[in-house]
Amino acid sequence: MLPNHSWQALESELRQLMARRRSIRFVINRGNAGDGLIAAGTWQLFDRLKFYPIVSKTNQVQSGDIAIYGGGGNLVPEYPDCRQFLERCLAVGVDRAMILPHTIRGHERLLASLDQRFTLVCRDIESLERVRASGTVARIIMAPDLALCLDIERLRERCRNPGARRRFALDLVAHGQAARYFRWRRTLRRLRDERSGTLYVLRADAEAPVGASGDPRWDISKHYISKFRSRYECDFVSRDIFDFIEGVPAVVTNRLHVGIAGALMGKQVTFRDNSYGKIRAVFNTSLRGIQGLSLTD
C-alpha cells in the first residue's frame, strides 16, 4: 500500500450497505490484467471489512438487490459494461447500487437519471466534477483506485498456499480461462528473457494517444483478458505482474496499473497519459508527490 491514501469514506458507504442485512451482488469489472490488479485490491479491502458479496453477472441483478460494480475505467464512452450495469439496476429496481472507484467521462444523460439509491465513487477530481455537472442526485464520493491498497506480501502469501493453488486451477477450468492463463505465463517468460533496462509498456489500443502507439509485444496488460469471476484468478494474475516488474529498475508506461504495480514495488515510474486524460487525472489526484513517480507529456 502506498502512503497517504484513505478509503475511509468508501469503507463507511460499504458498511452502510452491509447494515441493510441483504445479500449483496458484486459485478467485477471485466478487462485486462490491470483490472485483475484492481479486483485483487478490492478483495483485500473486503477482507478488512469482513465483507463477502456474491460474485454475479450484470444480468443476475434483480429487483430489490444491493449491487456493486467493481472499480476501473469503464464508465467512459469507449466501453459498455459499467453503463449496462447501471441501466440494469434502473430497469429492475434495485434497493441500492454502488460503482467502486472509477474514471467517469460522458454518459451525462444516464448519470442524470440516477437517483439517491446510487453511489458513484470517483477516483479522480476531474471525474467528480464531471459527475456533479451532470445534475445527478446520486451520492458522489471520492476514493483512490483500489489497486493502490494492495499489500503485496499478503497477496504473495495467499498465492503460496497449496489450497489456493488447487482452487485457482479448478477455477481456471470452470471459467474457461486455463488456456488463456497459460499463454499469459508463456508470454511473460518470453518477455522476461528479452527485457533489459527500463521497461516500456505503452498502449497499442483505443486508448493510445494519437501518433504514440506503443509496441504491442510489450503491452503486457492486454496479454490477459478475463471477466475475473474468481478471486484466485485476480490474485494469481496480480502476482504475475509483480513478479514480472520485480526484475526491472524503472518503468515508463501509460498503462495505469502497470505503473501502480511498479509504484507499489518502489520502482522509478514515469507515467504518460492515455488518449482521454485518465492517467493525468489519477496521477494529479492520488500519485503526485510520491517519491519515484513522475508524469511526462
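Read-outs throughout are calculated quantities, based only on the coordinates presented, and are distinct from any laboratory measurement. Quick caveat: nothing in here was measured; it's all calculated off a predicted structure. Counting neighbours? That spans all protein chains shown, and the Cβs are built from the backbone with ideal geometry, glycine included.
Data table
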{"read-out": "Using distinct alpha-carbon pairs, which all enter the 1/r mean, Kirkwood radius of the chain in Å", "value": "19.4 Å"}
{"read-out": "Cut-off 11 Å between beta-carbons: net charge of the residues surrounding Pro216, Lys and Arg +1, Asp and Glu -1", "value": "0"}
{"read-out": "In nm, spacing of pseudo-spin labels at Ser213 and Ala133 (7 Å Cα→C-beta vector)", "value": "3.0 nm"}
{"read-out": "MRE, 222 nm, helices only [DSSP H, n ≥ 4, -39500 (n - 2.57), over the chain, to nearest 500]", "value": "-12500 deg cm²/dmol"}
{"read-out": "Separation between Cα centres of segment 206-277 and segment 47-81, rounded to whole Å", "value": "23 Å"}
{"read-out": "Inter-centroid distance (Cα atoms) of segment 124-160 relative to segment 161-188, Å", "value": "27 Å"}
{"read-out": "Cα gyration tensor shape for segment 183-249, rounded if a/c is under 1.5, else prolate or oblate", "value": "oblate"}
{"read-out": "Gaussian network model of the chain, springs between alpha carbon atoms under 10 Å - residue of Gln16, Gln177, Gln44 with greatest fluctuation", "value": "Gln16"}
{"read-out": "Local electrostatic count, Leu170, Cβ distance below 15 Å [Lys/Arg +1, Asp/Glu -1]", "value": "+2"}
{"read-out": "Convex hull of Cα atoms in segment 4-149, direction-averaged projection (nm²)", "value": "7.8 nm²"}
{"read-out": "Among Ala147, Ala91, Ala250, residue whose mean-square fluctuation peaks in a GNM of the chain (springs only between Cα atoms under 10 Å)", "value": "Ala91"}
{"read-out": "Debye log10 I(q)/I(0) for segment 82-225, one point scatterer per Cα, at q = 0.15, 0.17, 0.18, 0.20 Å⁻¹", "value": "-1.08, -1.14, -1.15, -1.17"}
{"read-out": "Extension gain from Ala206 to Ser6, taking 0.36 nm per residue of separation minus the Cα-Cα distance", "value": "68.9 nm"}
